[in-house]
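Okay, structure first, notes after.
The values are calculated or read from the model by the stated rules, or taken from the named source; none is laboratory data. Since the model is a prediction, treat every value here as computed from it, not as a measurement. Cβ atoms come from the backbone with ideal geometry, glycine included; neighbour counts cover every protein chain shown.
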Amino acid sequence: MSGYPDHAEGGCMCGAVHYRTEGAPLSSIYCHCRSCRHHTGAPVVALAGYRRDQVTYTKGTPRVLASSPGVGRAFCGDCGTPLTWEGDGGEIGSMVEILVNTFDRPEDFAPECHIHHGERLPWLELHDTLPRYRVWHDGDDEPYLHGPAE
């Protein structure tokens, strides 16, 4: 993925958990699914996706909630900062999607699209020109919108 850093660092609010990534992320997205919104308390979430072997915890160990079959959501056990979505990335294998705002430099991870846009809160629409997918994006899916819903 071009334009993203080859490595990055970040962690939780209190500093008990810190991580490092190696290599650029496979994706950077906005997710509107109810599960991500519920995990973070935010109306939309920005995530940068990595293969599990690209992410190392350099300080502390996050707690992981099994939020649904095959999906874990990591957070700091001390301060509660939500950190990741973790699960099966299909052909990619095991993935870790890091909440962009936990990076030391979140500005380096501008999202490229919106996923689960069909689940978005009706009172929130981001005014950008990014493609929007009702559910997920992969090589076979076409976005149903480019730019805000009307």
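What tally of residues in segment 29-38 results from selecting those that are surrounded by 20 or more Cβ atoms within 10 Å (Cβ to Cβ) and either free of Cβ contacts under 8 Å to residues at least 40 places away in the same chain or not aromatic (Phe, Trp, Tyr) (or both)?
Within segment 29-38, residues that are surrounded by 20 or more Cβ atoms within 10 Å (Cβ to Cβ) and either free of Cβ contacts under 8 Å to residues at least 40 places away in the same chain or not aromatic (Phe, Trp, Tyr) (or both) number 4.
Can you tell me which of Arg132, Arg73 is more than 19 Å from Gln54 (Cα to Cα) and surrounded by 20 or more Cβ atoms within 10 Å (Cβ to Cβ)?
Answer to the check: Arg132.
In the list Gly93, Gly11, which residue meets the criterion of being modelled with pLDDT under 95 and either more than 29 Å from Pro148 (Cβ to Cβ) or among the hydrophobic types (A, V, I, L, M, F, W, C) (or both)?
Just one listed residue meets the conditions, Gly93.
Provide a single number: the residues in segment 5-23 that are touching a strand residue (DSSP E or B) at 6+ places or on another chain (Cβ under 9 Å) and surrounded by fewer than 19 Cβ atoms within 10 Å (Cβ to Cβ).
10
Can you pull out every residue in segment 76-89 that is in a strand (DSSP E or B) and under 13 Å from the mean Cα position of the chain (by Cα)?
Pro82, Leu83, Thr84, Trp85, Glu86, Gly87
Does segment 108-123 include one or more residues that are among the basic types (Lys, Arg) and more than 14 Å from the chain's Cα centre (by Cα)?
Yes; the residues of segment 108-123 include at least one that is among the basic types (Lys, Arg) and more than 14 Å from the chain's Cα centre (by Cα).
Keeping to segment 54-98, report how many residues are among the β-branched types (Val, Ile, Thr), touching a residue at least 40 places away in the same chain (Cβ under 8 Å), within 20 Å of Ser28 (Cβ to Cβ) and in contact with a Lys or Arg (Cβ under 8 Å, 6 or more places away or on another chain).
3
Please state which of the following conditions Val45 fails to meet, knowing it meets all the rest: (1) at pLDDT 95 or above; (2) more than 26 Å from Ala16 (Cβ to Cβ); (3) of a type outside the set (Lys, Arg).
Here Val45 meets the rest and fails (2).
Looking only at residues that are under 17 Å from the mean Cα position of the chain (by Cα) and either part of a loop (DSSP other than H, G, I, E, B) or among the β-branched types (Val, Ile, Thr) (or both) in segment 127-141, which one is modelled with the lowest pLDDT?
Out of the qualifying residues, it is Asp138.
Would segment 27-44 turn up any residue that is assigned to a helix (DSSP H, G or I) and among the hydroxyl-bearing types (Ser, Thr, Tyr)?
Within segment 27-44 (the criterion being assigned to a helix (DSSP H, G or I) and among the hydroxyl-bearing types (Ser, Thr, Tyr)), the answer is yes, since at least one residue qualifies.
Any residue at all in segment 128-135 that is within 23 Å of Gly10 (Cα to Cα) and among the basic types (Lys, Arg)?
No: zero hits.
Got at least one residue in segment 104-127 being closer than 20 Å to His18 by Cβ and touching a strand residue (DSSP E or B) at 6+ places or on another chain (Cβ under 6 Å)?
Checked against the condition, which is being closer than 20 Å to His18 by Cβ and touching a strand residue (DSSP E or B) at 6+ places or on another chain (Cβ under 6 Å), segment 104-127 yields at least one hit.
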